[in-house]
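Q: Have a look at the structure that comes next, please.
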Amino acid sequence: MNGDYAGRQVVGMDLHRRRSVLVRMTEDGKKLGTARITNSPAELRAELARAGENPRVVLEATYGWYWAADTLAAAGAEVHLAHPLGVKAYGYQRVKTDARDAANLADLLRMGRLPEAWITPREVRDLRELTRYRQKLVGLRTSCKDQVHAVLAKLGIAVTCSDLFGAWATAWLDGLRLPQPYAGKVTSLRQLIGELTTEITMLAEVIADLLAGHPGYAVIQRLPGIGPVLAAVIIAEIGDVTRFATPGQLASWAGLTPKHRESDVKVTRGHATKQGSRQLRWALIEAIQHAPAGYKVREAKDAIIARRGRQARNIAKVAAARRLLTLVYYGLRDGQIRCLPEPARAA
């Protein structure tokens, strides 16, 4: 169908888990062909070869997009990643098919109206894989610990120590004589906790080694409440901070800015949008909760609570997290945070 067309083609790809649909069209919107492929790098390369040299290809940032974006880039395509929330705004239609979705993506790209997401470089993806996996393991370990507490509560056994899994409490648990099946369950849970702790420790060491040469890793650890683990999460989620022109853009991308609705003379501002990286927001809020007194970000949170009451604690945390993210922005961009005192130098 496209034998007479020698111009640069635009390709929309509707990516799914098993099969995907590609629609090829000209720069002025004339459809050249539609193809359905079974997901594999080989089939994707074969179909892309029909799009000529250096085609512009767009796919949505959906489940498992890494392999497709990497295959397209290696085959010489100019790859664009569509933001799912932005695309959804253009998605109203009475008939919805994979081919129409792919064509809509191609139309948005060629008209310059595509809401684009950042194509994360491979090294940032690798770091994210490790930091997010570590978070998953920590969550599993916490679940196991909660189940041990639940078993003791069912048996009416009071826990008198603050850390049930510390050195003293471990010996105390060893001495308990629990009936079955509770004894077996607690033993199994404690073994799982030990295995998970080993994996979590190993991952922390691997992540620290990967970031040893990162210029901002040590810098942002000087901020209140941010240690090696949270610093790694923050760097992995933000990636290249220079893609944001201002700290406000970074805060908006992280979902820490309030919703804004305007119609005629009515303006409504609501809670934080939360349209961004959950892991980044978690790391910042966690840092705020561990920030010691005397730091500006902690004072910002305390001032809001003092003015608006305890019911505004979550609002105060988000506001303080936004201020902390501003300091993170300058620390990653400049390699220093000027509002913090310089560390003392050895004589």
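Q: What angle do you read, to the nearest 10 degrees and between 0 and 90, between the alpha-carbon axis of helix 228-238 and the longest principal axis of the chain?
A: 20 degrees
Q: Further question: Sorted from largest down, what three extents in whole angstroms do the Cα atoms of segment 73-152 have along their principal axes?
A: 62, 36, 18
Q: How big is the gap, in Å, between the Cα center of segment 105-148 and the Cα center of segment 5-52?
A: Cα centroid of segment 105-148 versus Cα centroid of segment 5-52: 26 Å apart.
Q: Mind checking which aspartates and glutamates have their Cα closer than 19 Å to the Cα of LYS185? Skip sequence neighbours fewer than 8 apart in that chain.
A: Correct list for LYS185: ASP146, ASP174, GLU195.
Q: Still on this structure, please answer the following. How many nm is it between the label spots at ARG338 and THR268, if each spot is 7 Å from the Cα in line with the beta carbon?
A: 4.1 nm
Q: What do you get when you divide the Cα radius of gyration of segment 200-255 by 2.2 N^0.38 Å, with N the number of residues?
A: Values: Rg = 12.2 Å, N = 56, 2.2 N^0.38 = 10.2 Å.
Its radius of gyration relative to the 2.2 N^0.38 Å reference: 1.20.
Q: Angle between the Cα long axis of helix 296-308 and the longest principal axis of the chain, 0 to 90 degrees, nearest 10?
A: 80 degrees
Q: Please report the net charge: other residues with Cβ closer than 15 Å to the Cβ of LEU155, K and R +1, D and E -1.
A: Spelling it out: positives minus negatives among the neighbours equals +3.
Q: Label points 7 Å out from Cα along the Cβ direction at ALA158 and SER40: separation in nm?
A: Each label point is offset 7 Å from its Cα along the Cβ direction, giving 6.6 nm.
Q: Additional query: Just the C-alpha atoms of segment 94-206: what Rg/Rh do they give, with Rh taken as the Kirkwood radius?
A: My calculation puts Rg/Rh at 1.31.
Q: Another question, if that's okay. Which net charge results for the neighbourhood of GLN279, defined as the other residues with beta-carbon distances under 13 angstrom from its beta-carbon, given Lys and Arg at +1 and Asp and Glu at -1?
A: Here the charged neighbours net out to +4.
Q: If I histogram all Cα-Cα distances within segment 138-192 using bins 5 Å wide from 0, what percent of pairs lands in each bin?
A: Each 5 Å bin holds this share of Cα pairs: 4, 19, 33, 31, 12, 2.
Q: How large, in percent, is the carbon and sulfur part of the accessible surface of the chain at a probe radius of 1.4 Å?
A: 51 percent
Q: On a 0 to 90 degree scale, rounded to 10, what angle separates helix 122-154 from the longest Cα axis of the chain?
A: Relative to the chain, helix 122-154 is tipped by roughly 40 degrees.
Q: Further, regarding this structure: Under 15 Å from the Cβ of TYR5, count the other residues' Cβ atoms, weight Lys and Arg +1, Asp and Glu -1, and hand me the total.
A: Result for the neighbourhood of TYR5: +3.
Q: How big is the gap, in Å, between the Cα center of segment 283-338 and the Cα center of segment 166-231?
A: 26 Å
Q: Can you give me the convex hull volume of the Cα atoms of segment 252-343, divided per residue and expressed in Å³? Each step should come with its number before you reach the end.
A: Values: hull volume 12.4 nm³, N = 92.
Taking the convex hull of the Cα positions in segment 252-343, it is 135 Å³ per residue.
Q: While we're here: Consider a paramagnetic label point 7 Å from the Cα of ARG308 along Cα→Cβ; state which residues of segment 245-275 have an amide N under 15 Å from it.
A: Only 256-260, 269-274 pass the distance filter.
Q: Over 23 Å between Cα atoms: which of LYS88/LYS259; LYS96/LYS266; LYS259/LYS296 fall into that group? Write down the numbers at each step before the final one.
A: Values: LYS88/LYS259 18 Å; LYS96/LYS266 35 Å; LYS259/LYS296 25 Å.
In this structure, LYS96/LYS266; LYS259/LYS296 lie more than 23 Å apart at Cα.
Q: Hey, another quick one. Between ARG113 and ARG125, what is the label-point separation in nm under the 7 Å Cα-to-beta-carbon projection?
A: 3.0 nm
Q: Quickly rank 137-148, 307-318, 262-273 as a protection proxy: mean count of other C-beta atoms within 10 Å, highest first. Intermediate results must be reported in sequence, preceding the final value.
A: Working: 137-148: 15.4, 307-318: 13.7, 262-273: 9.8.
Peptide ranking by packing, descending: 137-148, 307-318, 262-273.
Q: Which percent, to the nearest 5, of DSSP beta bridges fully inside the chain are antiparallel?
A: 70 percent
Q: Right, next: What length, rounded to one decimal in nm, is gained on full extension from THR26 through to ALA167, with 0.36 nm per residue of separation minus their alpha-carbon distance?
A: Values: separation 141, 0.36 × 141 = 50.76 nm, distance 6.87 nm.
Extending this stretch completely gives an extra 43.9 nm.
Q: Please compute the per residue accessible area over segment 61-166 with all protein chains in place, 1.4 Å probe, rounded to a whole number of Å².
A: 57 Å²
The values are calculated or read from the model by the stated rules, or taken from the named source; none is laboratory data. All values derive from a computational prediction rather than experimental measurement. Neighbour counts run over all protein chains shown; Cβ positions are idealised from the backbone, glycine included. In case anyone asks, the SASA skips ligands and DNA or RNA and just uses the protein heavy atoms, side chains included. Shrake-Rupley method; radii C 1.70, N 1.55, O 1.52, S 1.80 Å.
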